[in-house]
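The values are calculated or read from the model by the stated rules, or taken from the named source; none is laboratory data. The shown structure was predicted, so the numbers you read here are calculated from the model rather than taken from an experiment. Note that each Cβ is placed from the backbone with ideal geometry, even for glycine, and that neighbours are counted across all protein chains shown. For the accessible areas, the whole protein counts, side chains as well, though only heavy atoms, and no ligand, DNA or RNA atoms are used. Shrake-Rupley method; radii C 1.70, N 1.55, O 1.52, S 1.80 Å.
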Amino acid sequence: MLPRSDNRRLYALLGILFLLAMAYQVGVSAGMVTLKAAGPGQLPVVNWIFILSTTILTPAFCLLLGFFVAAMRPRDPLAWLLLAVMLSFAQLSVRTSGSLTDVLSRWPDILSPAALFYNVLFASTWSIWMRLFGIYFPERLGLDRRWPWLKWLVIAPIAIDAIGTALPVIGPSLRTALGPLDSAVLLLQMAAVSGFFFSVGTKIGEASSADARRRLTLLINGTGIALAPLFFLAIYGLFRGFENLPQVFWILCIPPLALFPITLAYVIVVHRALDVRVVIRQGLRYALAKRGVRVLQILVIAAVIWGAAMLATDSSRNRPAKIEAIALGVTAVILISRGSEKLRGWVDRRFFREAYNAEQILRELSDQVRTMVETGPLLETVARQISGSMHVPLVAMLVKDNGLYAPAYALGFPELPSAGFASSAGIIEQLKRDRQPLRVYFDDPDSWVYRAPSVSDSERELLHKLESQLLLPLAFKDKLIGFMSLGAKKSEEPYSASDVHLLQSVATQTGLALESSHLTEAIAVEVAQRERLNRELEIAREVQERLFPQNHPAVQGLDYAGRCRPAQGVGGDYYDFLELTDGRFGIAVGDVSGKGVPAALLMASLQASLRGQTISGSPDLAKLMTNVNRLIFETSPSNRYATFFYGEYQPATRQFAYVNGGHNPPLVFRNGDVLRLEDGGPVVGLFKPARYSQANVDLARGDVLLFYTDGISEAMNSADEEWGEERMMEAARACQSRPALEMIDQLMRAADAFVAGAPQHDDMTVMVVKVL
């Protein structure tokens with residue numbers, strides 16, 4: 001294995017080889033076409049098909065695929081061996097078209113010998129590269145480990161013959177000496193290719209892993225189908241003479257050959273190989289079944305039209321009978337068309353989508369878990385939906401309990417597995433650090449399961465007990481609540497990138513729901529242990545404080561701060577700062593109707609809904625607000641709603657996009673003027689169908705944004721006189737040169753000074769964002 005520092009040299013070598021090979025191939029292809037076109041008489045179409053396929057299409061495809069695989073895995077010796085197979089197969093294809101010597105004779109004297117040497121050498125050694133590929137892929141043949149000299153009994157004579165044919169200096173004399181052995185060399189070449197299939201077939205039974213076995217099975221099936229026609233033609237030509245073979249037979253061998261380079265490239269590049277049955281079921285079988293229905297429909301309709309036409313033109317039938325025949329034909333065509341649509345739908349479900357759309361089910365599940373607050377039903381619902389939609393028989397949901405991550409629900413096991421992971425376990429630390437799904441490959445010695453120094457043997461045994469293939473973290477903010485363990489699919493198909501993306505979305509929403517569930521359960525336990533009012537206020541206050549921003553990530557060009565002071569220990573005011581993808585910065589403020597614990601619970605639901613929607617990273621804030629409105633409407637009583645404002649700031653452009661859902665318009669102080677951010681729509685949670693519009697404002701240096709709830713602008717003194725928006729704006733102007741946190745302190749003090757000790761009737765929230 002080469003060090004990574006040599007990758008640049010490998011890529012440079014690949015680039016030079018690619019340019020040389022493609023320049024040679026373009027020159028040969030153009031010369032061959034020109035030579036054939038300038039010959040006497042007009043070539044038949046079948047000859048042109050053969051020439052274009054052997055000199056242009058097949059070589060170009062092999063070269064591109066071979067260099068692509070080598071570029072993808074430059075440090076893998078098998079990728080370079082595949083490149084040699086592709087180069088030799090391309091030149092073997094060129095030689096079958098004939099007239100190569102005539103083409104190269106027109107090249108400059110300095111290039112013609114080198115080009116001929118390249119072609120003859122690689123075309124004559126294809127069987128050697130195939131033999132070596134069979135021995136070393138994906139792991140060395142056991143027979144070759146015991147007797148490594150055995151392969152040279154076949155390879156050495158072929159190599160000597162190839163060198164003798166390719167070298168112009170010693171070639172003629174060596175060819176004269178080896179001339180009587182041409183048939184023997186051809187038999188050795190066929191033996192070498194047969195040895196490839198023998199090696200692959202032998203290693204299928206000796207494979208050290210299921211993935212290696214699947215790769216070898218795909219390799220022997222794909223290459224066997226591709227090369228079988230050529231093999232039979234070679235046998236025939238060996239005994240009856242190649243000159244007696246009609247050219248159409250060679251042309252019929254060309255389409256299956258496309259499977260040869262594709263199969264070799266697939267088994268090397270793909271991370272986890274599919275079972276050959278899965279490949280057939282999802283590829284050939286589905287394609288034939290789906291298109292076969294349409295072909296059958298066309299044939300039946302054609303037969304019906306032909307029959308109706310024959311009856312309509314029958315001179316022995318009267319006019320009413322002819323009209324009846326035409327009407328029956330039209331009716332039959334309509335019925336056949338409708339029936340074929342249903343048949344195609346059945347074929348689609350039976351052979352490909354298994355009667356439902358897994359993506360749709362998982363997306364619906366992602367929305368459904370937000371509304372579930374009981375841990376048991378939540379875990380069972382998620383496990384059953386994932387198992388049913390993706391055909392995963394073994395699913396385990398592990399949740400943290402007393403410092404131990406243990407199965408809380410499992411599906412497909414005889415009993416709940418006794419597999420507990422300590423909070424300090426290496427696997428738990430890996431999930432906390434990466435916050436991404438982890439694939440578990442026990443048959444891959446390079447997998448993180450073996451290479452991570454923190455993962456112990458006992459942890460690997462626990463994963464073996466769960467039969468894990470994919471681990472999905474269930475997290476909330478920086479807290480790992482638990483994780484899901486998914487076993488292998490019934491089809492043995494590895495989890496695709498789209499599978500993992502969907503499952504990660506479900507896991508994210510499940511983590512949010514679990515946190516809400518834990519908070520709800522914690523409140524219920526505490527309420528049962530203390531006097532109801534004091535317990536409720538204290539626990540809810542702690543919960544709500546955790547829901548407000550605990551830290552303030554640095555945002556380029558901004559100074560910002562926020563504060564909420566509930567009227568009754570807990571309240572319905574909500575504010576948040578969100579660090580989003582692409583450097584965007586989210587700002588949210590809301591005011592839930594009512595006060596106390598009910599308002600605080602709805603506020604928690606509002607926060608979970610917003611954070612769940614921002615995960616997708618969509619820039620469409622109107623759509624985001626519409627989804628939040630729908631979620632709040634479905635999860636809250638009819639008399640509950642919230643005013644809500646959400647905006648996203650782009651530091652690179654200083655553009656601020658926002659949607660105002662019936663909230664007090666935030667104020668932008670700019671050079672003595674005040675802008676109000678009013679555009680948006682109605683409050684959230686009151687109307688199920690609601691429309692929102694997004695607005696944008698370009699902020700400038702020195703702008704100060706003030707976000708607030710009506711608890712501060714409508715603060716009242718003992719005479720029931722409101723502080724009012726004008727007094728609040730004056731207080732803001734008076735301190736707008738100070739840092740954001742000091743501005744909030746000054747505004748709170750100004751409001752308190754006005755009310756002069758009068759009771760606080762509503763939650764008070766203030767946020768200040770300054771553009772530096």
- Query: Once you sort the root eigenvalues of the Cα gyration tensor of the range 47-94 as a ≥ b ≥ c, which label holds: rounded (a/c under 1.5), prolate (a/b larger than b/c) or oblate (the other case)?
  - Reply: prolate
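Show me 220-227, 52-59 ranked by packing, highest mean number of other Cβ atoms within 10 Å first.
52-59, 220-227
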- Could you work out how far apart the two model spin labels at SER618 and TRP448 are, taking each label as a point 7 Å from the Cα in the direction of the beta carbon, and quote it in nm? 3.0
- Counting only the backbone N, which residues of the range 429-465 are under 11 Å from the spot 7 Å out from the Cα of SER208 toward its beta-carbon? 443-446
- Message: Under 18 Å from a point placed 7 Å out from the Cα of GLU579 along the Cα-to-Cβ direction: which residues of the range 614-631 have their backbone N that close?
- Response: 614-617
- Global form of the range 644-766, assessed from the alpha-carbon gyration tensor, a/c cut-off 1.5: oblate
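Mind scanning LYS400/LYS489; LYS400/LYS490; LYS203/LYS489; LYS595/LYS623; LYS400/LYS477 and naming the pairs with a C-alpha gap bigger than 18 Å?
On the way: LYS400/LYS489 26 Å; LYS400/LYS490 29 Å; LYS203/LYS489 25 Å; LYS595/LYS623 28 Å; LYS400/LYS477 15 Å.
The answer is LYS400/LYS489; LYS400/LYS490; LYS203/LYS489; LYS595/LYS623.
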- Excluding VAL704 itself, what net charge comes from residues whose Cβ is under 13 Å from its Cβ, given Lys and Arg +1 and Asp and Glu -1? +1
- Message: Considering only C-alpha atoms, what is the centroid distance from the range 618-667 to the range 440-503, in Å?
- Response: 37
- The correct ranking of MET484, MET72, MET22, MET190 by accessible area at 1.4 Å, largest first, is MET72, MET22, MET190, MET484
- Query: How much accessible area does GLU139 have with a 1.4 Å probe, in Å² rounded to the nearest 10?
  - Reply: 60
- Query: In what sequence, largest accessible area first, do TRP723, TRP107 appear using a 1.4 Å probe?
  - Reply: TRP107, TRP723
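Give me the extension gain from ASP144 to ASP673: residue separation times 0.36 nm, minus the current Cα-Cα distance, reported in nm with one decimal. Intermediate results must be reported in sequence, preceding the final value.
Numbers: separation 529, 0.36 × 529 = 190.44 nm, distance 8.48 nm.
Result: 182.0 nm gained on full extension.
Just subtract the alpha-carbon distance of LYS477 and LEU20 from 0.36 nm times their residue separation and send over the number in nm, one decimal. Display every interim value, and only then the final one.
Details: separation 457, 0.36 × 457 = 164.52 nm, distance 5.42 nm.
Roughly 159.1 nm would be gained on extension.
What's the carbon and sulfur percent of the range 576-716's accessible surface, probe 1.4 angstrom, rounded to a whole number?
Within the range 576-716, the accessible surface is 47 percent carbon and sulfur.
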- Message: Checking the a/c ratio against 1.5 first, then a/b against b/c, what shape does the Cα gyration tensor give for the range 642-688?
- Response: oblate
- Using a 1.4 angstrom probe and counting only protein chains, how large is the accessible area of VAL674 in Å², to 10? 40
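Would you mind working out the magnitude of the charge dipole of the range 667-725 relative to its Cα centre, with +1 at each Lys and Arg C-beta and -1 at each Asp and Glu C-beta, to the nearest 20 Debye?
Working: 5 positive and 11 negative charges, 94 e Å.
That gives a dipole near 460 debye.
Could you do me a favour and compute the accessible area per residue for the range 601-642, 1.4 Å probe, result in Å²?
On the way: 1740 Å² over 42 residues.
Accessible surface, normalised per residue, equals 42 Å².
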- Message: Suppose all protein chains stay in the model; what accessible area per residue would a 1.4 Å probe give for the range 678-772, in Å²?
- Response: 48
- Give me the distance between the Cα centres of the range 66-81 and the range 676-696, rounded to whole Å. 55
- In Å², nearest 10: area of ILE523 left accessible to a 1.4 Å probe: 30
